[in-house]
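Below you will find the structure I want to go over with you.
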Amino acid sequence: MPEFVHPMLGEDVTSISGHYALTHERTLRYAGKEVLYFVGYAVCDTSCCGSGGWGYALVPGFVLGLKIRQNQEGRWISEVEPILDEVARKEIAGAIERETNVRQVVFR
């Protein structure tokens with residue numbers, strides 16, 4: 001079973017051109033399964049080419065076991081099934097976009 005280590009919510013990660021963070025953890029019901037996803041934002045504010053920001057969602061997959069244990073750093077680990085079907089991805093992305101108003105949905 002693929003394992004997914006939950007990120008720390010609200011923790012800014014700095015990059016060369018700005019920073020990003022995941023702010024919310026949510027689930028969505030799809031075809032009788034639960035989809036685990038996270039909502040966050042990215043800001044480009046230290047780039048030489050301009051600035052901007054956007055919201056996004058990260059989808060690890062279908063939940064097989066939610067928060068089944070913690071790792072040594074205290075982060076939760078879930079078992080997930082990757083979402084590979086393109087039709088399912090499109091429908092799930094649309095549902096997440098409608099629910100959260102983000103425009104970029106990334107599947108792991």
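The values are calculated or read from the model by the stated rules, or taken from the named source; none is laboratory data. Only a predicted model underlies this, so the values are computations on that prediction, with no experimental measurement involved. Positions of Cβ are backbone-derived with ideal geometry, glycine not excepted, and every protein chain shown enters the neighbour counts.
Return the residues of the stretch 44-57 that are surrounded by fewer than 17 Cβ atoms within 10 Å (Cβ to Cβ), in a strand (DSSP E or B) and not small (Gly, Ala, Ser); say none if nothing qualifies.
Residue satisfying the conditions is TRP54 alone.
Still on this model: Of the residues that sit in the stretch 22-54 and are among the hydrophobic types (A, V, I, L, M, F, W, C) and at pLDDT 95 or above, which one is nearest to the chain's Cα centre (by Cα)?
Checked the stretch 22-54; the qualifying residue nearest to the chain's Cα centre (by Cα) is PHE38.
Would you confirm, using the coordinates I've provided, whether PHE62 is in contact with a Lys or Arg (Cβ under 7 Å, 6 or more places away or on another chain), closer than 14 Å to ARG108 by Cα and free of Cβ contacts under 8 Å to residues at least 60 places away in the same chain?
yes
Let me ask something else. Go through the stretch 31-59 and give me each residue that's free of Cβ contacts under 8 Å to residues at least 24 places away in the same chain and aromatic (Phe, Trp, Tyr).
TYR41 - this is the single residue of the stretch 31-59 that is free of Cβ contacts under 8 Å to residues at least 24 places away in the same chain and aromatic (Phe, Trp, Tyr).
For the stretch 69-83, enumerate the residues that are assigned to a loop (DSSP other than H, G, I, E, B) and either more than 16 Å from TYR37 (Cβ to Cβ) or basic (Lys, Arg) (or both).
ASN71, GLN72, GLU73, GLY74, ARG75
Among the residues of the stretch 7-15, are any assigned to a loop (DSSP other than H, G, I, E, B) and touching a residue at least 60 places away in the same chain (Cβ under 8 Å)?
Yes, because at least one residue in the stretch 7-15 is assigned to a loop (DSSP other than H, G, I, E, B) and touching a residue at least 60 places away in the same chain (Cβ under 8 Å).
Restricting the search to the stretch 21-63, which residues are aromatic (Phe, Trp, Tyr), out of contact with any Ser or Thr (no Cβ under 9 Å at 6 or more places or on another chain) and closer than 14 Å to PHE4 by Cα?
PHE62, the sole residue that qualifies.
Mind checking which residues of the stretch 30-43 are over 18 Å from VAL102 (Cα atoms) and either charged (D, E, K, R) or crowded, with 18+ Cβ neighbours inside 10 Å (or both)?
LYS33, GLU34, listed by residue number.
OK, next. Taking GLY18, is it closer than 21 Å to THR100 by Cβ and in contact with a Cys (Cβ under 6 Å, 6 or more places away or on another chain)?
Taking the combined requirement at face value, the residue satisfies it.
Might you check whether a residue that is surrounded by 13 or more Cβ atoms within 10 Å (Cβ to Cβ), assigned to a strand (DSSP E or B), among the charged types (D, E, K, R) and touching a strand residue (DSSP E or B) at 6+ places or on another chain (Cβ under 8 Å) occurs anywhere in the stretch 85-106?
There is no residue in the stretch 85-106 that is surrounded by 13 or more Cβ atoms within 10 Å (Cβ to Cβ), assigned to a strand (DSSP E or B), among the charged types (D, E, K, R) and touching a strand residue (DSSP E or B) at 6+ places or on another chain (Cβ under 8 Å).
To continue, here is another question. Where residues in the stretch 66-84 are hydrophobic (A, V, I, L, M, F, W, C) and in contact (Cβ under 8 Å) with a residue 12 or more places away in the chain, which of them is surrounded by the most Cβ atoms within 10 Å (Cβ to Cβ)?
VAL80
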